[in-house]
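Heads up, the thing below is written out as structure tokens.
The values are calculated or read from the model by the stated rules, or taken from the named source; none is laboratory data. As the structure is a computational prediction, the values presented were derived from the model and not from experiment. Here Cβ is always computed from backbone atoms with ideal geometry, including for glycine, and neighbour counts include all displayed protein chains.
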Amino acid sequence: MQELIERGPTNGIEELRIELYEKVNSLGIGAQGLGGLTTVLDVKINDYPTHAASKPVAMIPNCAATRHIHFKLNGSGIAQLPTPKLSDWPEISWSAGETARRVNLDIVTPQEVASWQPGETLLLNGAMLTGRDAAHQRIKDMLERGEELPDGVDFSNRFIYYVGPVDAVRDEVVGPAGPTTATRMDKYTEMMLDKTGLLGMIGKAERGPAAVKAIKKHKAVYLMAIGGAAYLVSKAVRASRMIAFEDLGMEAIREFVVEDMPVTVAVDAKGESVHETGPKKWQQLIGKIPVTVEA
């Protein structure tokens, strides 16, 4: 994309690529929806002749970590797909930053949660429960029937992680365990906060108006884990055990014990959502930030 912008478009498709690239980035959505200069890295367009009365359009978003391989079938034999060498990849060092706050989930209080600021980085330590769509629906059904939740399913002043972990292999504590999209749990949020004593939720992406309203009402919190890094997130999980609903497979309720699991405060106890404030802030900044060009 940068090469295209530097040399300039030579046809209508390239003009449209640049136009979409600039307009999408001007939205200020940014990585993880938290606001920023870069929302998309590139825009690709495939076109095909079609009748004027039938103009199908499809948009397929891909993350920057799209996995693909290219090969040609020429009839000479089996395609050779060599395994990449780890040495071909750069060494990566990670730091949460000097301002990151460590949190002990085993003793965290509503008063402490109320002090967390939107956009703040936390490092979670201690025990949390897991659960996704199926577990939430089963909890809802049980509560509506007046049934007690299974032994060990106690959400009082605890956090739930929206995750369906992959089975562990060899010496792993758990397989890839990245967050699932939290919006799907919006319809259960009021119930969970009101009926179970849940203190906070951990997931991916933004929360809808109903969920934000419930979070503000109950002075709870929503934390956003890193999407697209399921394997790396799983490295923070030090222990995992089955709690309830084992028949649901990956959707069962488990207890994770984590160490320094990085998250961002996405909706604070006052109901401020960084997915609302972040992009708005960057929309105002875009176009006003001086760009330094190195010779």
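Could you go through the range 253-263 and let me know if any residue there is closer than 17 Å to P118 by Cβ and not aromatic (F, W, Y). Yes - at least one qualifying residue is present in the range 253-263.
M1 meets each of the listed conditions (1) under 25 Å from I286 (Cα atoms); (2) more than 21 Å from the chain's Cα centre (by Cα); (3) free of Cβ contacts under 8 Å to residues at least 24 places away in the same chain apart from (3).
Counting only helices (runs of 4 or more DSSP H) wholly contained in the range 139-238, no element carries 3 or more residues that are in contact with a His (Cβ under 8 Å, 6 or more places away or on another chain) and on the phi > 0 side of the Ramachandran plot. Within the range 90-138, if we keep just the residues that are assigned to a loop (DSSP other than H, G, I, E, B) and hydroxyl-bearing (S, T, Y), the residue that is farthest from T277 (Cα to Cα) turns out to be S93. Residues in the range 37-56: is at least one surrounded by 14 or more Cβ atoms within 10 Å (Cβ to Cβ), under 21 Å from the mean Cα position of the chain (by Cα) and among the acidic types (D, E)? No, the range 37-56 contains no residue that is surrounded by 14 or more Cβ atoms within 10 Å (Cβ to Cβ), under 21 Å from the mean Cα position of the chain (by Cα) and among the acidic types (D, E). Scan the range 246-257 and report the pairs whose first residue is in contact (Cβ under 8 Å) with a residue 40 or more places away in the chain and under 15 Å from G152 (Cα atoms) and whose second residue is outside any strand (DSSP E or B) and among the small types (G, A, S), with Cβ atoms within less than 6 Å and a gap of 6+ or a chain change. From residues that are in contact (Cβ under 8 Å) with a residue 40 or more places away in the chain and under 15 Å from G152 (Cα atoms), the pairs are I253/G131; I253/A135.
Pull up the range 260-272, narrow it to residues that are under 25 Å from L232 (Cβ atoms) and out of contact with any Phe, Trp or Tyr (no Cβ under 6 Å at 6 or more places or on another chain), then point me to the one that is surrounded by the most Cβ atoms within 10 Å (Cβ to Cβ).
Restricting to residues being under 25 Å from L232 (Cβ atoms) and out of contact with any Phe, Trp or Tyr (no Cβ under 6 Å at 6 or more places or on another chain), the top hit is V263.
Residues in the range 166-198 that are of a type in the set (G, A, S) and surrounded by fewer than 17 Cβ atoms within 10 Å (Cβ to Cβ): A168, G175, G197.
The selection criterion, being out of contact with any Phe, Trp or Tyr (no Cβ under 7 Å at 6 or more places or on another chain) and at pLDDT 85 or above, holds for E120.
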